[in-house]
1. Among the numbered conditions (1) in contact with a strand residue (DSSP E or B) (Cβ under 8 Å, 6 or more places away or on another chain); (2) open to solvent by less than 70 Å² (accessible area, probe 1.4 Å), tell me where Ser124 comes up short.
2. Listed residues Tyr119, Tyr98; which is out of contact with any His (no Cβ under 7 Å at 6 or more places or on another chain), more than 23 Å from Arg205 (Cβ to Cβ) and modelled with pLDDT of 95 or more?
3. Among the candidates Phe183, Phe161, which residue alone is over 27 Å from Ala25 (Cβ atoms) and either surrounded by fewer than 14 Cβ atoms within 10 Å (Cβ to Cβ) or among the hydrophobic types (A, V, I, L, M, F, W, C) (or both)?
4. Only one of Val63, Val58 is of a type in the set (Val, Ile, Thr), in contact (Cβ under 8 Å) with a residue 40 or more places away in the chain, part of a strand (DSSP E or B) and under 22 Å from Met213 (Cβ atoms). Can you tell me which?
5. Restricting attention to the stretch 45-66, which residues are at pLDDT below 95, surrounded by 13 or more Cβ atoms within 10 Å (Cβ to Cβ) and not charged (D, E, K, R)?
6. What number of residues within the stretch 186-198 are open to solvent by less than 30 Å² (accessible area, probe 1.4 Å) and in contact with a Ser or Thr (Cβ under 9 Å, 6 or more places away or on another chain)?
7. Which condition from (1) among the small types (Gly, Ala, Ser); (2) assigned to a loop (DSSP other than H, G, I, E, B); (3) on the phi > 0 side of the Ramachandran plot is the one that Ser124 breaks?
Amino acid sequence: MIINLIAFLAGIFNTRAESDGTNTAPMFGVRAAFDVNIPGDWHNDSGAARMYRNGYGVTLGGVYNIYLGKGFYFEPGVSFFYDSYSYDDLKITDDNGYLKSENPSLYKLGLRIPLVIGYSFNISDRFSMSVFTGPELSWALGGKIKVKNKELTGIFPDRLFGDFQRRLDCAWKIGVGVPYNSFLISIDAAIGMTNLLKNKNVSFRENRVSVGMAYYF
């Protein structure tokens, strides 16, 4: 369904660009990014609690840049991601008070589909810039909570999903980019909009800052 929607929008946008008399053709590209994962606090009726430390990840995929005319463009994409972060100041002890594990890590692997609208403009004859924004869907194909002590897997099961977190996430991207020949160097932030916890009394959202580079064919 999402692929059909992208194709439909691409047809509309290409027609509009041609009506503007612009000779700019759509461009395929590949993009890689280094991600800083910034998990939000857990929220309930009593307030907020910090549960996680920031983590890191990588993203690798493709984009399709469609010129709309007058400096505007539409750029859908599909990419694979690997994200990680860890609990913050969480210590697990036995009945005698001995430390059994500390700050388990969370890992996720999945697909992301950004759908952004951008605007490119010249700052000078030799320097230009673009700004972009739009929704980004993420679907986690796999994930787990990793503890060093295997005796504790009953408390922290290997699977991250199931009864704990949702696989589907939606964030809103805001970013800026600087083109250089066929490359675009960019930095963007993804603000989480989906409550990922399956507990109806508690909410939690993931945020992310990424530094990326795209190459267009």
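1. (1)
2. The match here is Tyr119.
3. That would be Phe161, the only listed residue that is over 27 Å from Ala25 (Cβ atoms) and either surrounded by fewer than 14 Cβ atoms within 10 Å (Cβ to Cβ) or among the hydrophobic types (A, V, I, L, M, F, W, C) (or both).
4. Val63 is the lone residue from the list that is of a type in the set (Val, Ile, Thr), in contact (Cβ under 8 Å) with a residue 40 or more places away in the chain, part of a strand (DSSP E or B) and under 22 Å from Met213 (Cβ atoms).
5. Met51, Tyr52
6. Within the stretch 186-198, residues that are open to solvent by less than 30 Å² (accessible area, probe 1.4 Å) and in contact with a Ser or Thr (Cβ under 9 Å, 6 or more places away or on another chain) number 5.
7. (3)
Results for (1) acidic (Asp, Glu); (2) without any contact (Cβ under 8 Å) to a residue 12 or more places away in the chain, shown as yes or no for each residue.
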{"position": "Ile123", "(1), (2)": "no, yes"}
{"position": "Glu136", "(1), (2)": "yes, no"}
{"position": "Ala140", "(1), (2)": "no, no"}
{"position": "Phe164", "(1), (2)": "no, no"}
{"position": "Asp169", "(1), (2)": "yes, no"}
{"position": "Val176", "(1), (2)": "no, no"}
{"position": "Val202", "(1), (2)": "no, no"}
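The values are calculated or read from the model by the stated rules, or taken from the named source; none is laboratory data. These figures come from a predicted structure and were not determined experimentally. All Cβ positions, glycine included, derive from the backbone under ideal geometry; neighbour counts span all protein chains shown. Heavy atoms of the whole protein, side chains included, go into the accessibility calculation; ligands, DNA and RNA do not. Shrake-Rupley method; radii C 1.70, N 1.55, O 1.52, S 1.80 Å.
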